[in-house]
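Read the figures in this text as sums done on the coordinates, not as results from a lab. Since the model is a prediction, treat every value here as computed from it, not as a measurement. All Cβ positions, even for glycine, are placed from backbone atoms using ideal geometry, and neighbour counts span all protein chains on display.
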Amino acid sequence: MNTFKSTLLLVTLTLILVLAGDWIGGQNGMVFAFLLSAAMNFVAYFYSDKIALGILPAQPATREQLPAPTRPSSASPPKTASPCPKSM
């Protein structure tokens, strides 16, 4: 459902920009607005997480700051250890 809502939002914003481009610049304005909205949608879809974390004062947590149940165990054997997520 979230993918549908995100797609609907991006399509709606594209249509608004294309219609505004038509109103301001005619057919050339529509083409320019479509290219602009395609670039904006690409950035919003693929880089929105990095943009949101960059705006907020997000810092990676150290092992000491994590609560005990979520702290990675260093006692597990290396063959079964799950990989740690990439830090920022």
| message | If neighbour count is taken as other Cβ atoms inside 10 Å, put Met30, Met40 in order from fewest to most. | response | Met40, Met30
| task | Would you mind ranking Thr7, Thr62 by Cβ crowding within 10 Å, fewest neighbours first? | result | Thr62, Thr7
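When Rg is the radius of gyration of the Cα atoms in segment 2-54 and Rh is its Kirkwood radius, what does Rg/Rh come to?
When Rh is taken as the Kirkwood radius, the ratio is 1.07.
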